[in-house]
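Written below as structure tokens is the structure these notes are about.
We did not get these values from a lab; they are worked out from the coordinates using the rules stated. The structure displayed is predicted, hence computed values, not measured ones. Cβ coordinates were reconstructed from backbone atoms using ideal geometry, including for glycine residues, and neighbour counts include every protein chain displayed.
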Amino acid sequence: MPKPAKGPRLGGSPSHERKIIANLCKQLITNESVVTTETRAKRVRPHIEKLITKAKKGDTYNRRLALRVLGDREVAYILFEELGPKFAERNGGYTRITKLPNRKGDNAPMALIELVLEPVSPKQAVVKEAEKVAEKAAESPESADSAESAESAESAESAESPESADSADSVEETEAK
């Protein structure tokens, strides 16, 4: 039994909502940006992200799944042959939603949803590697500090006992060498 969508629908019925989402996906694929209401932009984002992920895989099965949603072979061709290779290096985050001023007639909040076609900067990968190195470096001094604190605790204990004062001096001399 089909479950109703949570929250208000974009259209009157579930089929109307599917058509609205499919049409917005088609327009976004062909024009690379669409001005629509904020709610519609937020609702279409996961659908277009999944379609682009299918286009990146590029096999027949995923092409048929995309055709089922889009219903247009020309748009599916653009998606798989042009957009799929453009997003090959990007792992998610294919769209960007920018808020615009409210619509004049009914004061509805508007937004621009667009495809992020800029190439992924290698700087992001370098930052991730630097974070990993910093984490390893942070772990290493802690273990070194704990070893030094253990040595200092041993020397403090030996300094407290008068009979081992000579041995403590000899230990300090060997550590200095």
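Points to keep in mind about this one:
- Looking at K54, K99, just one residue is within 21 Å of the chain's Cα centre (by Cα), among the basic types (K, R) and either loosely packed, with under 13 Cβ neighbours inside 10 Å or in a loop (DSSP other than H, G, I, E, B) (or both), and that residue is K99.
- Residue list for segment 102-123, restricted to those being out of contact with any Ser or Thr (no Cβ under 7 Å at 6 or more places or on another chain), in a loop (DSSP other than H, G, I, E, B) and over 28 Å from K54 (Cβ atoms): N102, R103, K104, G105, D106, N107
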